Amino acid sequence: MLQATALQSATTPGGFLLVLAVMLPVVGILLSLVLGRLAERIALVLCPLGFAVAAAVFATVWQSGRPLIYVVGGWAPPLGIVLRADGLSAAMMMMTAIIICATAVFAKGEFVQAPRRAEARGSLVFWILLLAIWSALNAIVVGNDLFNLYVALELLTFAAVPLVCLKGSATTVRAALRYLLFALLGSILYLLGAVLLYGAYGTLDIALLSRRVGAEPVAAIAAALMTIGLLAKTALFPLHLWLPPAHAGAPAPGSAVLSGLVIKGSFFLIVRLWFDAMPGLLTMAAAQLLATLGAAAILFGSVLALRQQRLKLLIAYSTIAQIGYLFFLFPLGLGLGGTEASGAVWTGGWLQLFSHAFAKAAMFMAAGLIAEALGHDRIAELSGVGRAAPLPMVTFALAGLSLMGVPPSGGFVAKGLLLIAAVRAAQWWWAATILIGGLLAGGYVLIVLGKALGSADRPLVLKASPSRRRELIALTVALCAVVLGLVPLRSSELLQIGRPPSVGVAQR
Amino acid sequence: MTSTDIFALCATSLVGLGLFGIITNPQPLRKIVAFNVIGNGVFLLFGVVAHRGAAAGLGADPVPQALVITGIVVAFSATALAVALLLRLAKATHLLTLEADDGSDGDLS
């Protein structure tokens, strides 16, 4: 199967959709630069178009059961570049489209140009950055060339960093700068790894690399460098220092995209690197090391989340913890590779990624609405919010279900599958970590809920009552995370379409 | 030792020096400079790879040269963005550090 996929160097029907997915947001960016005042309208018009393209890619891959391929300029690798969407890419693209569109509708009205006033920079930049993130994420999921992916990754970083400091206060600029410095180190390490791979194997095409890379030291060093670089961008413990101030400092719609989507882009690349580009290079020791960092992230992130005094920071620390679960994919996927349980591991891992994206986006939106209503987000002073602003609190609670892993939610199924896989693979210590992580998540979600649902000493005066439209958008995103738990697991076959055999059922 | 080897060693030491700088220096400006030092090391490495991989009668493998141009553009924009943020920070706080002077985000890191 790998041979077949690698040798496919002709554009498949519908392959042009992949170009559209990357280029549509770019068209929006260029138009916004020219027609500055209309940026919001341009973005809102492009949302349904981009969504339709993502849905078309999803449907095509699902129906045909084969990956979509587009050979850029008709030049086949190793000279040319191929865009390729397998089942996983299609699912990622769909998730990105849903969250970006929801964020755009959520942010509608927050970043507007006042009539008859000088053009406000923040209002223009937000929409441009949102579209840029969309384009970069699509480029990452369909990219099949390590250097092309480097450029996509940089685009993602350059779009994400300014989003942090849209408010322009010294604290947020500092957070953005710290984020950027971590990201720069990450990108240059990635590039160093890429040049080593090119030097050794003469290609950067993932499919070609997967057949040429052996267990040589140069491949191991390159993979290690690239992984460290990507870990810095994914904010895995101990490279997470930049994340809480950055994600907490951005405006609510920005945080939703940063926490829900942006860090998933670099995680996706780590998986592409180890399981697609260099299958067979991943040793159990390396996989266990990654999972150990993940476990440390879960414990450390959750405990710090428990100790936060501000809602947005609590949610940001929870992101650090939830990222940790994703790294259990490496030892479990490796340990169970070639058995029938392997599919369950991957389904669990990807479900964790998707449900966290929805849950965390919804949570940041809810936190934004609460902060807007109260004028602050201090957890100690949330008493009575449950009564004054019930919908954001329901959203927060529903998203919390997924983070804790309580049914019915995508997080429950994801963590359940990972738990069972850990037991099956005789790696019970990861099962224990998943359980403890769930308890701690329950702790930090309930701290907020307990405060918010308690009655206030004096009647709560809302500074502004949140608009119903925005409340419903946040609720819908949270419901997506819940609904993911009800999707029949058989449909996870989609995620296996066009994946290399090491990820499916084949050699160990 | 051929000239390619010397260039390769230079590239490696640039990367090493830069890494040392980016990790040990607390000041953001120095970190940005160190990032550029690593970057130059990596670009030199592209040159080495291009020279070593020269095949089919070409003077050098053209692919790494194409990559290096893109890499330089990306590194340049990254540096520009970082310096812009740093200038903004300096304007707001009259400081060039990442540590908050008033401790307002001391609990953030």
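From the list A:A452, A:A464, A:A474, the one residue that fits, being in contact with a helix residue (DSSP H, G or I) (Cβ under 8 Å, 6 or more places away or on another chain) and either at pLDDT 90 or above or closer than 21 Å to A:S355 by Cβ (or both), is A:A474. In this structure, is A:L311 buried (at least 24 other Cβ atoms within 10 Å of the Cβ) and touching a strand residue (DSSP E or B) at 6+ places or on another chain (Cβ under 9 Å)? Yes: the conditions hold for A:L311. For the range A:178-186, the condition holds for at least one residue, the condition being that it is more than 8 Å from chain B (Cβ to nearest Cβ) and within 23 Å of B:V48 (Cα to Cα). Taken across the range A:484-493, residues that are modelled with pLDDT of 90 or more and either within 22 Å of the chain's Cα centre (by Cα) or not in a helix (DSSP H, G or I) (or both) do not occur at all. The residue that is farthest from the other protein chains (Cβ to nearest Cβ), counting only those in the range A:308-354 that are assigned to a loop (DSSP other than H, G, I, E, B) and closer than 18 Å to A:T234 by Cα, is A:F328.
Checking each residue in the range A:57-68 for being surrounded by 16 or more Cβ atoms within 10 Å (Cβ to Cβ) and either in contact with a Pro (Cβ under 9 Å, 6 or more places away or on another chain) or closer than 25 Å to A:A132 by Cβ (or both) picks out A:V57, A:F58, A:T60, A:V61, A:L68.
What is the residue count in the range B:66-79 for residues that are more than 27 Å from A:G202 (Cα to Cα) and more than 7 Å from every other protein chain (Cβ to nearest Cβ)? Within the range B:66-79, residues that are more than 27 Å from A:G202 (Cα to Cα) and more than 7 Å from every other protein chain (Cβ to nearest Cβ) number 1. Go through the residues of the range A:116-129 one by one and say whether even a single one is touching a strand residue (DSSP E or B) at 6+ places or on another chain (Cβ under 6 Å), modelled with pLDDT of 85 or more, of a type in the set (A, V, I, L, M, F, W, C) and surrounded by 19 or more Cβ atoms within 10 Å (Cβ to Cβ). Scanning the range A:116-129, I find no residue that is touching a strand residue (DSSP E or B) at 6+ places or on another chain (Cβ under 6 Å), modelled with pLDDT of 85 or more, of a type in the set (A, V, I, L, M, F, W, C) and surrounded by 19 or more Cβ atoms within 10 Å (Cβ to Cβ), so the answer is no. Of all the criteria given as (1) out of contact with any Ser or Thr (no Cβ under 9 Å at 6 or more places or on another chain); (2) surrounded by 15 or more Cβ atoms within 10 Å (Cβ to Cβ); (3) small (G, A, S), the one not satisfied by A:G450 is (2). Screening the range A:1-91 for helices (runs of 4 or more DSSP H) wholly inside it with 3 or more residues that are closer than 24 Å to B:L67 by Cα returns the ranges A:16-34.
In the range A:454-468, of all residues being touching a Ser or Thr at 6+ places or on another chain (Cβ under 9 Å) and not polar (S, T, N, Q), the one that is surrounded by the most Cβ atoms within 10 Å (Cβ to Cβ) corresponds to A:L460.
When A:A183, A:A223 are screened for being of a type in the set (A, V, I, L, M), at negative phi and buried (at least 24 other Cβ atoms within 10 Å of the Cβ), only A:A183 passes.
Only one residue in A:L440, A:L435 is assigned to a helix (DSSP H, G or I), in contact (Cβ under 8 Å) with a residue 40 or more places away in the chain and either within 27 Å of A:R468 (Cα to Cα) or among the hydrophobic types (A, V, I, L, M, F, W, C) (or both). Which one?
A:L440
Among the residues of the range B:13-29, those that are at the interface with chain A (Cβ under 10 Å from one of its Cβ atoms) and β-branched (V, I, T) comprise B:V15, B:I22, B:I23.
Among the residues that make up the range A:395-413, is at least one of them touching a strand residue (DSSP E or B) at 6+ places or on another chain (Cβ under 7 Å) and either within 18 Å of A:S255 (Cβ to Cβ) or free of Cβ contacts under 8 Å to residues at least 40 places away in the same chain (or both)? Checking the range A:395-413: not a single residue is touching a strand residue (DSSP E or B) at 6+ places or on another chain (Cβ under 7 Å) and either within 18 Å of A:S255 (Cβ to Cβ) or free of Cβ contacts under 8 Å to residues at least 40 places away in the same chain (or both).
The residue list A:A132, A:A200, A:A170, A:A152 contains one member that is surrounded by fewer than 24 Cβ atoms within 10 Å (Cβ to Cβ), more than 8 Å from every other protein chain (Cβ to nearest Cβ) and either more than 21 Å from the chain's Cα centre (by Cα) or of a type in the set (F, W, Y) (or both), which is A:A200. Taking the conditions (1) more than 19 Å from the chain's Cα centre (by Cα); (2) within 26 Å of A:L258 (Cα to Cα) in turn, A:L314 satisfies each one other than (1).
For (1) out of contact with any Gly (no Cβ under 6 Å at 6 or more places or on another chain); (2) at the interface with chain A (Cβ under 7 Å from one of its Cβ atoms); (3) modelled with pLDDT of 90 or more; (4) surrounded by fewer than 13 Cβ atoms within 10 Å (Cβ to Cβ), each residue gets a yes or a no:
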{"site": "B:V49", "(1), (2), (3), (4)": "no, yes, no, no"}
{"site": "B:L58", "(1), (2), (3), (4)": "yes, no, no, yes"}
{"site": "B:L81", "(1), (2), (3), (4)": "yes, yes, yes, no"}
{"site": "B:L98", "(1), (2), (3), (4)": "yes, yes, no, no"}
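In the range A:27-47, the qualifying residues are those that are surrounded by 21 or more Cβ atoms within 10 Å (Cβ to Cβ), of a type outside the set (A, V, I, L, M) and closer than 12 Å to A:F126 by Cα, and the one that is nearest to the chain's Cα centre (by Cα) is A:E40. Residue check: A:A341 meets all listed conditions (1) farther than 27 Å from A:V394 by Cβ; (2) within 24 Å of the chain's Cα centre (by Cα) but one, namely (2).
Quick grid of which residues meet (1) among the hydrophobic types (A, V, I, L, M, F, W, C); (2) over 9 Å from the mean Cα position of the chain (by Cα):
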residue	(1), (2)
B:M1	yes, yes
B:N25	no, yes
B:P28	no, yes
B:I38	yes, no
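Restrict the check to the range A:88-95 and report whether at least one residue is small (G, A, S) and surrounded by fewer than 17 Cβ atoms within 10 Å (Cβ to Cβ).
Within the range A:88-95, the first condition is being small (G, A, S), and the residues that meet it are A:89-91.
The next check asks that each one be surrounded by fewer than 17 Cβ atoms within 10 Å (Cβ to Cβ); those that pass are none.
No: zero hits.
Residues are listed down the side, and each one gets a yes or a no for (1) over 21 Å from A:G186 (Cα atoms); (2) in contact (Cβ under 8 Å) with a residue 12 or more places away in the chain; (3) aliphatic (A, V, I, L, M):
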position	(1), (2), (3)
A:L289	no, no, yes
A:T292	no, no, no
A:S302	yes, yes, no
A:R307	yes, no, no
A:L311	yes, yes, yes
A:I315	yes, yes, yes
A:L334	yes, yes, yes
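Note on the range A:232-250: residues that are of a type outside the set (F, W, Y) and within 16 Å of A:V303 (Cα to Cα) amount to 6.
The values are calculated or read from the model by the stated rules, or taken from the named source; none is laboratory data. Everything quoted here is computed from the prediction, not taken from an experiment. No Cβ is skipped: glycine too gets one built from the backbone with ideal geometry, and neighbour counts run over all protein chains shown.
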